[in-house]
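Okay, so here's the structure we're looking at.
Derivation of every value follows stated rules applied to the coordinates shown; laboratory data play no part. These numbers come from a predicted model, not from an experiment. Neighbour counts are summed over all protein chains in view; Cβ atoms, including those assigned to glycine, are modelled from backbone coordinates with ideal geometry.
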Amino acid sequence: MISPALFLDWECMTSYIIRRFLQMIVIMFIVSIVAFVVIQLPPGDFVDAYVTTISGGETFTQETIDALRAQFGLDEPFHVQYLKWITNVLRGNYGVSFQHQRTVADLLGERLPLTLAITFPTALLVYLIAIPIGIYSALNQYSFLDYVFSFIGFIGLAIPNFLFAIILLYIGSQYFDANVAGLFSPEYELAPWSFAKFLDLLANLWIPVIVVGTAGTAGTIRVMRGMMLDEMRQPYVETARAKGLSEARLIFKYPVRVAISPVLSTIGFVLPALISGTAIVAIVLNLPTTGPLLLNALLAQDMLLAGSMILFLSLLTVVGTFVSDMLLAWADPRIQFE
Amino acid sequence: MSRKMSRRKFLKISLSAGAGIAALSNGVPLAAQDMMYSEAPELAELVAAGDLPPVADRLPANPVVIEPLDSIGEYGGAIRTGIFQNRGFQARSAWGPEPILRIGWDSSTIEPNIAESWEYANGGNTFVLHLREGMKWSDGEPFGSHDFDFYWNHVLTNSTLSPSPRSEFVINGELAEFEMVDDLTVQWTFVAPHANLPGLLSHWIGSQLPRWMPRHYLEQFHPDFADAAELDAKIAEAGFSTWDELFNNRVAVQYGLHFDNVDLPNLLPFKTSRPMELNIVVADRNPYYWKVDPEGHQLPYINQVILTNYEGADVRDAAIAAGEMNWVNTDLTFTNFPLYQENAEAGNYEVRLWQTSRSAEHTIMFNHNAKDEGLREIFNDVRFKQAMSMAIDRQTIANVVYQGFGAPSQVQVIPGSKFRVEEYVTRHTEYDTAAAGALLDDMGLTAGDDGMRTRADGSALSIRMDISIGQPGSEDVGELLREFLAEVGVDLDVRVVAREQIRALIDNNDIECGIWIADKCSDSMFPHTPVWHVPFLPTDWNQWGPQYAVHYASGGESGEAPMGDVAQVQQLFDQMKTTIDEAERVNIGQEIMRLNVDNLWNIGDVGEVPIPVVLGTNFRNYPAQGFTSFDWLGNHQYHIEQCYFEGGEWVGAPS
């Protein structure tokens, strides 16, 4: 059912969307400069990183180092490097990774599907589990199950993800014969896609999904529970009850709709977290996702790869914030497009 | 078993004699003309089906005959190895590498490889390479002089691909002149003899050149040959914007192996069959590989290499312990030895302890060009460095940091090197704080009531030591050094900073005392890259004479002019560059060693600390004790192509 507010303010909303869209362009422009500057902040550049670490012991003369800088365009002034990069990005060309000598698009294309395969179900799972539990805990405050969920929730919040990953990894490999690292068992690693390989993937997927999802679930439960407790004490709940609304209809039509606001407003941050938030877990679990790719790009000062990824993440944040604003407007009748 | 022992003994003898199995050196291969060749069953099937020419047609006229270390092998199995964060410095010897020339079994002698032989002509100024007749790329196309010509005239001298010519081919500031003499002969003429060129061609650059050479494949990406419209279409299709981006992508290799481009032909025992995807790359046997065993079996024995890139070092260690790999000697650290050992049996692997190219784990370098005049005077006094060396309790370093392994050593060269003089290695390494104190007293660095010494001007003798972050063992050793030096009244102010920070400190000559891993001390690197023994390369990590190095590299235009022994050691290095005669080279090298120990420019801690090497339990023909390091591009001197799995597959292979 379309909210009456949305229906009435259709014109307002169109202009609001256009305004937001223009804002987003300006923000992205600023972000692109900031990203480029931040990546260059640490001392040295990719050639330094290459010469000192990545090459693995080879010695370089000053001439060779200068030649490398020229090859990568790192000898040019900062603003020239930036302009070159940003004009190419606008044309859809994200450049070539210094480390890999492959296009950034190619590198991201390799890792994005698996990244989304892990994080998207995780995010869904977080909401599917956390929101009902949060509501249940609030409605049955201080019940046995409320204590159980609170206990698990606090543990989930308190344990760092990477530590949790190591513990599950240990338990998995010691007691369940799970693969130590990676998403496939050795016998399926090289096999072409098949139903058996898909099952093997599912069998190995539970550790990252649990690890990545726990903290988010725990946090969302606490937020949902707290908000619901506040809302249930509001006079309008009493009023609705007095008017004879059934309890289920009452709860879902009024307090839940308000209590879910903080959850919806943080969806904007979920999108980039899907892509990069799991870097440390991915390293511990050896998952070939985009998180480690970004981390290594930053460590190696692989400018174009790191810059493009950060730009991409920023875009997701901006778009995500926009989406959550729209969701909020839909869910919360108090919000006006002004 | 007896064969194994005698072989090992032979290795040892050849190591100490510095001669090596390279009795067949300088170009005469074992006679292979009358051999009957055979091949792996998988390849025989392809031949039978008509998909591949017969083995005799694929091999060169005179294939290289490799005598296996212990026994003739059997075909089959897969090497499973792992690197982390795409860094696999030593993993390259799992699939080769095949430099133009190579290092022999003794880890010292230079032998023919891709080139059948080499010689100097024209009074030493011309260096001639003879190639092998009928040798082929992994796609079956002939390999020869035309490939060198492509590299020289279209890659190295192309200003877009190579903004400056490779220093390996520059002598006295002049780039060599290249000439393609005939189909199988190429030569370079320099303005003076380039005596280190065989060493360089058997090392890193020698293993890099072949990737730029397959002209039959690369011409389509090069504007000198390709149709402009077709090339533009290729560039656009691949998502690049310039031709050199596409070209560099097509020739990109990681540690010698093309991880991404399966179409790039190579000369290695293995060629990529599955490009790097989700951290795994697979390389299969190269059907045109140009080496055989004494019975005529085409090598390699092993079918394929499966390489996994791990996202971190720890997770790779966990995978090793879980028995997922059968060949790892990449960046394994000695401190993890117990972890590997504990899980060896269950993981179907064994751990061997090999040696590296480190003459000492660390070189401790006092900056002889220090900006602080007082410190500079102290550091240039040999008594001070002798005192510092004797103040170090090396046994404690070995016990605390290296689990009891390690022998007191100055920064000289590793055991087995032809430049090694035992007396130099151990000079001033005895722990003697009384003698050290006496030397410091002699210098007038008197101790106060608190036991700490003061400089001539009355200020406290305090020296800042900068340690690069992330070097295994360095921080522990630095902490011990601080305690040892305090014992004799010298205050060492230890800081741990980022590598880039050290770089800046060296470049600005702000180092007071530096510490670094003392690697590259082997016969395969010292003669052309003596980074510790001679200050010549200001871009490297030598911190005892950074301004001398600047002076050398700039031809005297900047930096500080050395005098006395420092000037002499630079002159000796110049002589090494132009001296071809082997006996004379040894004399020069040993003279460099003597000047080093006389001046103690570097102070070593402990040498001979081993490195763990993980190998499958039924992996055969690899030495029980060996050397592995960047100096041998991993350990290519042990010929991965003649290794095999007894029974045709690793016992721990996943079923």
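Remarks
- Distance violations [Cα-Cα > 20 Å] among B:Lys385/B:Lys577; B:Lys271/B:Lys291; B:Lys234/B:Lys271; B:Lys418/B:Lys520; B:Lys291/B:Lys520: B:Lys385/B:Lys577; B:Lys234/B:Lys271; B:Lys291/B:Lys520
- Note that segment B:46-62 has calculated 3J(HN,Hα) couplings of 4, 5, 4, 7, x, 8, 8, x, x, 4, 4, 7, 7, 7, x, 4, 10 Hz, one per residue in order, obtained from phi through the Karplus relation 6.51 cos²θ - 1.76 cosθ + 1.60 (θ = phi - 60°); glycine and proline are x.
- With Cα atoms, 0 to 90° folded angle of helix A:104-139 axis to chain A main axis: 20 degrees
- Prolate/oblate/rounded call for chain A, Cα gyration tensor, a/c under 1.5 rounded: oblate
- Note that segment B:131-204, at 25 °C in a medium of 0.890 mPa s, gets a Stokes-Einstein diffusion coefficient of 180 µm²/s from its Kirkwood radius over C-alpha pairs.
- Here is how the number arises for chain B: DSSP H runs of 4 or more residues each give -39500 (n - 2.57), the sum is divided by the residue count, and the result at 222 nm is -8000 deg cm²/dmol.
- Three-way shape label, segment B:183-300, alpha-carbon gyration tensor, a/c 1.5: oblate
- When the helices of chain A are scored as -39500 (n - 2.57) per DSSP H run of n ≥ 4 and the total is divided over every residue, the value at 222 nm lands at -24000 deg cm²/dmol.
- Take every Cα pair under 8 Å whose residues are at least 6 apart in sequence, average their separation, divide by the length of segment A:223-273, and the relative contact order is 49 percent.
- Antiparallel beta bridges, as assigned by DSSP with both residues in the protein assembly as shown, represent about 75 percent of the total such bridges.
- Exposed-site-free run, longest, chain A (rule: trypsin sites (Lys or Arg not before Pro); DSSP loop; at most 15 other C-beta within 10 Å): A:92-232
- Among the chymotrypsin sites (Phe, Trp or Tyr not before Pro) in segment B:223-263, those placed in a DSSP loop whose Cβ has at most 14 other Cβ atoms within 10 Å are B:Phe225.
- Kirkwood Rh and Cα Rg combined as Rg over Rh, evaluated for the protein assembly as shown: 1.02
- Crossing angle, helix B:474-487 versus chain B [Cα axis fit, 0-90 degrees, rounded to tens]: 20 degrees
- Averaging 1/r over each pair of different alpha-carbon atoms in segment A:237-338 and inverting the result gives 16.4 Å, the Kirkwood hydrodynamic radius.
- Its Cα gyration tensor gives segment A:1-155 an equivalent ellipsoid; the semi-axes, largest first and in whole Å, are 47, 28, 15.
- Applying a DSSP loop filter and a limit of 13 other Cβ atoms within 10 Å to the GluC sites (Glu not before Pro) in segment B:353-443 leaves B:Glu430.
- For the pair segment B:594-637 and segment B:151-228, the centres of their Cα atoms are 31 angstrom apart.
- Computed magnitude of the charge dipole of segment B:99-267 (debye, nearest 20; Cβ of K, R +1, Cβ of D, E -1): 480 debye
- Placing +1 on the Cβ of every Lys and Arg and -1 on the Cβ of every Asp and Glu, with no other charges, gives the protein assembly as shown a dipole of roughly 3140 debye about its Cα centre.
- Degrees separating the helix B:382-391 axis from the principal Cα axis of chain B, which is the longest one: 80 degrees
- Mean sequence separation of contacting Cα pairs (under 8 Å, at least six apart), scaled by the length of segment B:254-304, corresponds to a relative contact order of 26 percent.
- Values of log10 I(q)/I(0), in the order q = 0.08, 0.10, 0.11, 0.12 Å⁻¹, for segment B:360-607 under a Debye, Cα-only, solvent-free model: -0.28, -0.45, -0.55, -0.66
- Taking all Cα pairs closer than 8 Å and separated by 6 or more residues, the relative contact order of chain B comes to 21 percent.
- Within the shell defined by Cβ-Cβ distances under 13 Å, the residues around B:Ala387 carry a net charge of -3, with Lys and Arg each +1 and Asp and Glu each -1.
- Label-point separation in nm, A:Ala158 to B:Ile469, each point 7 Å along Cα→Cβ: 3.0 nm
- Legend: P(r) of chain B from all alpha carbon pair distances, 10 Å bins from 0, whole percents, reading 3, 15, 24, 25, 19, 10, 3, 1, 0.
- Basic side chains Lys and Arg get +1 at the Cβ, acidic Asp and Glu get -1 at the Cβ, and with that the dipole of segment B:366-516 about its Cα centre reaches some 620 debye.
- Centroid-to-centroid, using Cα positions, segment B:266-295 and segment A:58-90 are 34 Å apart.
- Computed E for A:Thr14/B:Ala228 - FRET, C-beta separation, R0 60 angstrom, nearest 0.05: 0.75
- Cα-based convex hull, segment B:376-422, per residue volume (Å³, whole number): 106 Å³
- FRET E, pair B:Val47, A:Phe322, Förster distance 45 Å, beta-carbon r, rounded to 0.05: 0.10
- Cα-based shape type of segment A:172-239, given that a ≥ b ≥ c are square roots of the gyration tensor eigenvalues and the cut on a/c is 1.5: prolate
- Among the chymotrypsin sites (Phe, Trp or Tyr not before Pro) found in segment A:127-194, those both in a DSSP coil and sparsely packed, with 13 or fewer other Cβ atoms within 10 Å of their Cβ, are A:Tyr142, A:Phe176, A:Trp193.
- Per the Kirkwood formula applied to alpha carbons, segment B:99-267 shows a radius of gyration over Rh ratio, Rg over Rh, of 0.98.
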